[in-house]
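Working notes, beginning with the structure itself.
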Amino acid sequence: MTEKQQVLYLWLAESALDTAVIGWAFYDGTSGDSPTIPLEDPPYKIGTDALKDGWFLIQSPALPMSLPGSEHNISYLPNEFVFERRFTE
Amino acid sequence: MPADNYYLTTLEMAQFVAEGYLCFDAIVPTETNNRVLQELPALASIKNRALETQGIAGGVGIAPVSDDQMISDKQVALPNTGLHLSDCYPSESIGEFLRLPQVQGIIHSLVGIDPIFDHDWVHLLPGGSQFEQHLHMDAVIDTSDPAFDIQLFYFPHAVAPGDGGTRFLPGSHLRKVRAEGVSRYQHIVGDRQFSGPGGTVLVFHHGLWHAGQCNNGIDDRWMYKIRLNPRVPQVRLWNTEDLERVHNDFSDHQFAVVRTDSVGHIFRSMQPWQQGHESRYETIQRARLWRYLTGDSDYDVDYYLTRLGRRRELMAQ
């Protein structure tokens, strides 16, 4: 019996975990028999819904610090939260 | 109603600034589409063989295809990077497409008359191909220069939903990112996948995030893509008859007196993924690009740039 990991990235509208999901990515390290997530629609409405569904938060985003002259630039999606859940196979 | 010369309107230009793309359904006549479809295998063959000689075929995010799918009796003379567009494909059907008045009107409006040919490519997705690209943008990270290239995505035949139409994220073009830095975004609310009638042309700002998708249909999917560089400042190149009427000043402010018939109104419209306070920075970037396109260094939406730019002047009053 081995523990296998599933990883869920959620990108949220704001830096607070209880704001809307605007993007997501799912990686499955299990054999494929474990629960998965829907692909067409956001799996959760807000970030905390993932906690209630058994996902463990393993990384919160660092808040962006602007360099002088680039205060208004936009780049990658800033509010990236990473979750995991484990299954024994 | 398009202008006689097919130049874009100010509101179409504003939509391009806000969303990073425009879509023109079935603007290419069927006869041209058919001639181009006869020619694309020859162009694809030349280009794929060139990659093979470099030993990088299949390693640059391009779907693998067999020689059988690139058989053609047509002859194609490849243009060199840096040529004026008017010197490209003088007797080929691709040139016929590029010289259509309705296509020229789009090109002139965005990058000026006779821009520079950067490169082109034939994207063939065989029927049933499960090849799929990560989300990416086609450039190295950009400088603060607001000038931009355009890329035409020409679909000479109809593409049904799920049959290999390009995926793209409206409104992503003004973000400063590395080409594959956005590859982790498997799903973003509001992203789109092209489907539509034959002869449709998508026009992208070069920074728009996009990705080739698998072809679940049984027919091969052909698409021709070309990148063009401007040779002139991209200032008021479109049909500006309506510019004065819709071009707002800095007092058009959503928290004060707001217009709903202005360019600013279009710039406030956000995509489903552009929620929260991030939208304010999007608005600023759109206003900056509009300053470049109109030559109006005082243009603003919701007072963000004016407030900062006029601080000293206001304090002296």
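The values are calculated or read from the model by the stated rules, or taken from the named source; none is laboratory data. Just so you know, these numbers come straight off a predicted model, no measurement behind them. Glycine also receives a Cβ, built like all others from the backbone with ideal geometry; neighbour counts cover every protein chain displayed. Calculation scope for accessible area: heavy atoms of the full protein, side chains included, ligands and nucleic acids excluded. Shrake-Rupley method; radii C 1.70, N 1.55, O 1.52, S 1.80 Å.
Figures for the structure shown
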{"item": "Sole residue being among the aliphatic types (A, V, I, L, M), open to solvent by less than 40 Å² (accessible area, probe 1.4 Å) and not in a helix (DSSP H, G or I), chosen from B:L124, B:L110", "result": "B:L124"}
{"item": "Matching residues in the stretch B:243-256 - criterion: being exposed (fewer than 15 other Cβ atoms within 10 Å of the Cβ) and either closer than 25 Å to B:Y7 by Cα or not polar (S, T, N, Q) (or both)", "result": "B:E244, B:R245, B:D249, B:F255, B:A256"}
{"item": "Unique residue being charged (D, E, K, R) and more than 14 Å from chain B (Cβ to nearest Cβ) when the list is A:D49, A:D41", "result": "A:D49"}
{"item": "Residues being more than 10 Å from every other protein chain (Cβ to nearest Cβ) and free of Cβ contacts under 8 Å to residues at least 40 places away in the same chain - total across the stretch B:162-197", "result": "3"}
{"item": "Scan of the stretch A:57-73 for residues that are open to solvent by 60 Å² or more (accessible area, probe 1.4 Å) and more than 12 Å from the chain's Cα centre (by Cα), ordered by number", "result": "A:A62, A:L63, A:P64, A:M65, A:S66, A:L67, A:P68, A:G69, A:E71, A:N73"}
{"item": "Only one of B:A77, B:A44 that is part of a loop (DSSP other than H, G, I, E, B) and at pLDDT 75 or above", "result": "B:A77"}
{"item": "Checking B:W209 against (1) of a type outside the set (G, A, S); (2) over 27 Å from B:T143 (Cβ atoms); (3) assigned by the TED database to the domain that holds B:S183, the condition it does not meet", "result": "(2)"}
{"item": "Checklist (1) touching a strand residue (DSSP E or B) at 6+ places or on another chain (Cβ under 6 Å); (2) not in a strand (DSSP E or B) applied to B:L152, failing item", "result": "(2)"}
{"item": "Evaluation of A:Y76 against (1) more than 30 Å from B:P161 (Cβ to Cβ); (2) open to solvent by 70 Å² or more (accessible area, probe 1.4 Å); (3) within 14 Å of chain B (Cβ to nearest Cβ) (one fails), failing number", "result": "(1)"}
{"item": "Residue tally, condition of a type outside the set (D, E, K, R), in contact (Cβ under 8 Å) with a residue 24 or more places away in the chain and within 18 Å of B:F148 (Cβ to Cβ), over the stretch B:287-313", "result": "7"}
{"item": "Residue in the stretch A:52-68 that is more than 9 Å from every other protein chain (Cβ to nearest Cβ), outside any loop (DSSP other than H, G, I, E, B) and without any contact (Cβ under 8 Å) to a residue 12 or more places away in the chain present", "result": "yes"}
{"item": "Considering residues of the stretch B:175-215 that are touching a Pro at 6+ places or on another chain (Cβ under 9 Å), over 29 Å from B:E31 (Cβ atoms) and assigned to a loop (DSSP other than H, G, I, E, B) only, the residue least open to solvent (accessible area, probe 1.4 Å)", "result": "B:L208"}
{"item": "All helices (runs of 4 or more DSSP H) inside the stretch B:257-314 with 1 or more residues being within 14 Å of chain A (Cβ to nearest Cβ) and open to solvent by 70 Å² or more (accessible area, probe 1.4 Å)", "result": "B:278-294, B:304-309"}
{"item": "Test for A:V7: is it closer than 25 Å to B:G207 by Cβ, modelled with pLDDT of 95 or more and of a type in the set (V, I, T)", "result": "no"}
{"item": "Subset of the stretch B:25-41 [open to solvent by less than 30 Å² (accessible area, probe 1.4 Å) and either at pLDDT 95 or above or hydroxyl-bearing (S, T, Y) (or both)]", "result": "B:V28, B:T32, B:N33, B:V36"}
{"item": "Every pair of residues 6+ apart whose Cβ atoms lie under 8 Å, when the first sits in the stretch A:12-37 and is closer than 13 Å to B:H277 by Cα and at the interface with another protein chain (Cβ under 8 Å from one of its Cβ atoms) while the second is assigned to a loop (DSSP other than H, G, I, E, B) and hydroxyl-bearing (S, T, Y)", "result": "A:A13/A:T19"}
{"item": "All positions within the stretch B:127-161 that are within 12 Å of chain A (Cβ to nearest Cβ) and open to solvent by less than 20 Å² (accessible area, probe 1.4 Å)", "result": "B:L135, B:M137"}
{"item": "Matching residues in the stretch A:1-34 - criterion: being open to solvent by less than 30 Å² (accessible area, probe 1.4 Å), assigned to a loop (DSSP other than H, G, I, E, B) and over 24 Å from B:G171 (Cβ atoms)", "result": "A:T30, A:S34"}
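Yes/no matrix, rows are residues, columns are (1) within 26 Å of A:A20 (Cα to Cα); (2) among the basic types (K, R):
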| site | (1), (2) |
| --- | --- |
| B:N248 | no, no |
| B:D252 | no, no |
| B:R259 | no, yes |
| B:Q275 | yes, no |
| B:R291 | no, yes |
| B:T306 | no, no |
